[in-house]
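Q: Just passing along the structure, written as structure tokens.
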Amino acid sequence: MNIQAIMKQAQSLQKEMLKEKDEIDKTEFTGENGLVKVTLNGKKEILKVKILKEKLETEDIELLEDMILVAMNNAMKKVDDLTEKKMGKFTNAMPGLF
């Protein structure tokens, strides 16, 4: 295989990787845990936080803070899972790339 063919293959792979990453970045992920629902995008930017008031039976702020933390981590894990699923085929030889 000559160098031009290798470069062309690398460019094609790069375009495919960027397309997959762009798709992940635009996807919304929601994490929910009891009293809180958090939505973020594939860049792990928080888009909205919703307190599920109808489920709130107490004014326990500490519990609410913990629930927000859990919901955020849940949504971020979903980003990581999809990123690994879609980008893993590109990064098997390059761990830690994404």
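Bear in mind that the values in this text are calculations on the coordinates, not laboratory data. Note that the structure is predicted; figures quoted are calculated from it, not measured. Because the Cβ atoms are built from the backbone with ideal geometry, glycine has one as well, and the counts that use them run over all protein chains shown.
Q: Hey, can you rank 22-31, 64-73 by average C-beta count inside 10 Å, highest first?
A: Going by the mean number of other Cβ atoms within 10 Å, highest first, we get 64-73, 22-31.
Q: Moving on to the next point. Using only Cα atoms, what is the ratio of the radius of gyration of the chain to 2.2 N^0.38 Å?
A: 1.51
Q: So how do 11-17, 35-41 stack up, highest first, on mean other-Cβ count within 10 Å?
A: 35-41, 11-17
Q: Given the rule -39500 (n - 2.57) for each run of at least 4 DSSP H residues, summed and divided by the residues of the chain, what is its mean residue ellipticity at 222 nm, to the nearest 500 deg cm²/dmol?
A: So the calculated ellipticity at 222 nm is -20000 deg cm²/dmol.
Q: Next question, about the same structure. Could you give me the radius of gyration and the Dmax of the range 1-50, taking only the C-alpha atoms into account and expressing both in angstrom?
A: Radius of gyration, then largest Cα-Cα span, for the range 1-50: 18.0, 59 Å.
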